[in-house]
Amino acid sequence: MNESTGMLPRPGGEHIAWRAVAGASPTIVWMSGFRSDMAGTKALALADWAKAEGRGFLAFDYFGHGASSGDFADGTITRWREDALAAIDELTKGPLIIVGSSMGGWIACLAAMVRAQRVAGMVLVAPAADFTEKLMTPALSADARGALETDGVWLRPSLYGDAYPITRTLLEDGARWSILPGPVPIEAPVRILQGGEDPDVPWRHALELAQALKSRDLVFSLIRDGDHRLSRPQDIARLLAAVEELCG
């Protein structure tokens with residue numbers, strides 16, 4: 001059996017859950033989106049592909065997400081970036097293909113900027129770079145701003161389930177990690193998949209990241225009828241093809 005799972009200890013007695021497939025390098029590292037986890041459709045498809053291809057694979061859940069410990073409301077970009085770097089440093093060896101979805105695209109960039117020597121390529125799906133500052137904050141209603149000012153937290157309605165907490169700390173911390181308008185010092189090959197009908201990350205926002213990245217080997221694919229998740233069979237096929245191309 002070439003698949004394993006475990007818990008990676010983190011400061012403060014916390015732990016992050018992980019799932020790995022042993023195989024050839026470069027290892028595929030999956031980074032989930034905001035409030036998503038390694039049990040999502042794209043992550044599972046990548047794990048199955050890795051097993052079939054004999055390719056190394058790692059997925060993990062950030063603090064407060066999925067099977068990891070912690071309260072989601074206490075999470076920040078700083079903490080989730082640290083989780084990503086810990087997973088890379090302690091659970092992988094050799095070259096990596098980092099695959100990041102939505103917020104995971106931002107975290108992937110933040111990780112790649114400080115582990116450039118490890119990154120052989122990146123696939124970004126609807127990358128939500130700087131989303132706290134550039135997408136979420138400008139869209140706040142007067143009521144939301146009032147709740148954040150008074151209580152430090154606002155319950156944001158969701159298209160995908162129950163309302164969830166957005167904290168003033170998350171928004172303030174996110175601004176510290178802004179990478180746009182760039183330049184973003186990532187020179188590895190990059191493939192970006194973006195839905196034209198994405199209600200969460202406008203395609204022009206993802207294109208701004210594409211233009212900011214220093215990589216000379218970058219392909220931006222606009223899937224005109226695609227949504228934010230890009231989890232339809234045809235979207236999964238595009239994702240796997242992009243990963244396979246970069247594994248080369």
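For Phe72, Phe57, Phe63, what ranking results if the residue with the fewest other Cβ atoms within 10 Å of its Cβ goes first? List each step's numbers first, then the result.
On the way: Phe72 16, Phe57 27, Phe63 21.
Least crowded to most crowded, the residues run Phe72, Phe63, Phe57.
Taking the Cβ of each residue in Trp49, Trp30, Trp154 as the centre, tally the other Cβ atoms inside 10 Å and list the residues starting with the fewest.
Working: Trp49 18, Trp30 28, Trp154 22.
Exposure proxy ranking, most exposed first: Trp49, Trp154, Trp30.
Any idea what the dipole of the chain comes to, in debye rounded to 20, about its Cα centre with Lys/Arg Cβ at +1 and Asp/Glu Cβ at -1?
Numbers: 24 positive and 31 negative charges, 119 e Å.
Dipole of the chain, to the nearest 20 debye: 580 debye.
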> If you take every DSSP beta bridge whose two residues both sit in the stretch 94-167, what share of them, in percent to the nearest 5, is antiparallel?
Replying inline: 40
> What fraction of the DSSP beta bridges in the stretch 10-85 is antiparallel, stated in percent and rounded to the nearest 5?
Replying inline: 50
> Once label points are set 7 Å from the Cα along Cα→Cβ at both Ala139 and Met7, what is their separation, rounded to one decimal in nm?
Replying inline: 3.5
> Roughly how tilted is helix 203-212, in degrees to the nearest 10 and between 0 and 90, from the longest Cα axis of the chain?
Replying inline: 60
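Could you work out the relative contact order of the stretch 1-61, using alpha carbon pairs under 8 angstrom and six or more residues apart, expressed as a whole percent? Can you show the working numbers first?
Details: 104 pairs, mean separation 24.6, N = 61.
Worked out over the stretch 1-61, it gives 40 percent.
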> By how many degrees, between 0 and 90 and to the nearest 10, does the Cα long axis of helix 77-91 differ from the longest principal axis of the chain?
Replying inline: 20
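Readers should treat all values here as calculations from the given coordinates under stated rules, not as data from a laboratory. Just so we're clear, the structure is a prediction, and the values are computed from it rather than from any experiment. Neighbour counts are summed over all protein chains in view; Cβ atoms, including those assigned to glycine, are modelled from backbone coordinates with ideal geometry.
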